[in-house]
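S.K.: Please see the structure below; I have some questions.
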Amino acid sequence: MRVTKLIVLFVIFTLALSIAVPAFAADGAATYKAKCAACHGHEGQGKVGPAVKGTALTADQITDLIVKGEDAKKAPHKKAMAGVTADDAKAVADYVKTLK
């Protein structure tokens, strides 16, 4: 009987957690400000790095650049950005595409 209650409680907890996970989804603006704004400017206007506001890159291209890096780019974008998950990168890319 106790084991059954524990299993039911575990299932309920797991379901509640899986429903709540989207609430913790990546916040593109916050990640951008923490990881990107120092070089690309708080509004994407460019600073040390190039402006990203109004970029011609697609959100998928931006995501790939953050996640995989690209040899043709300058550091730090030659390699994948450390500490940025694929979900975070997608959120940042979506945020960057809102900058006009």
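The values are calculated or read from the model by the stated rules, or taken from the named source; none is laboratory data. Note that the structure is predicted; figures quoted are calculated from it, not measured. In this analysis, Cβ positions are derived from the backbone assuming ideal geometry, glycine residues included, and neighbour counts consider all displayed protein chains. Just so you know, the surface numbers come from the protein's heavy atoms only, side chains and all, with ligands and any DNA or RNA stripped out. Shrake-Rupley method; radii C 1.70, N 1.55, O 1.52, S 1.80 Å.
S.K.: So which residues in segment 88-100 are assigned to a loop (DSSP other than H, G, I, E, B) and open to solvent by less than 70 Å² (accessible area, probe 1.4 Å)?
M.R.: Answer for segment 88-100, where residues must be assigned to a loop (DSSP other than H, G, I, E, B) and open to solvent by less than 70 Å² (accessible area, probe 1.4 Å): just Leu99.
S.K.: So, of the residues in segment 19-57 that are at pLDDT 90 or above and among the β-branched types (Val, Ile, Thr), which turns out to be nearest to Gly83 (Cα to Cα)?
M.R.: Ranking the qualifying residues of segment 19-57, first place goes to Thr31.
S.K.: So which of Thr63, Thr85, Thr31 ends up being in contact with a helix residue (DSSP H, G or I) (Cβ under 9 Å, 6 or more places away or on another chain), surrounded by fewer than 16 Cβ atoms within 10 Å (Cβ to Cβ) and of a type in the set (Ser, Thr, Tyr)?
M.R.: Numbers: Thr63 fails: surrounded by fewer than 16 Cβ atoms within 10 Å (Cβ to Cβ); Thr31 fails: surrounded by fewer than 16 Cβ atoms within 10 Å (Cβ to Cβ).
Exactly one residue qualifies, and that residue is Thr85.
S.K.: So, in segment 66-81, how many residues would count as being of a type in the set (Gly, Ala, Ser) and open to solvent by less than 80 Å² (accessible area, probe 1.4 Å)?
M.R.: Our first condition is that a residue be of a type in the set (Gly, Ala, Ser); within segment 66-81, this holds for 69, 72, 75, 80.
Those still in the list that are open to solvent by less than 80 Å² (accessible area, probe 1.4 Å) too: 69, 80.
Number satisfying all stated conditions: 2.
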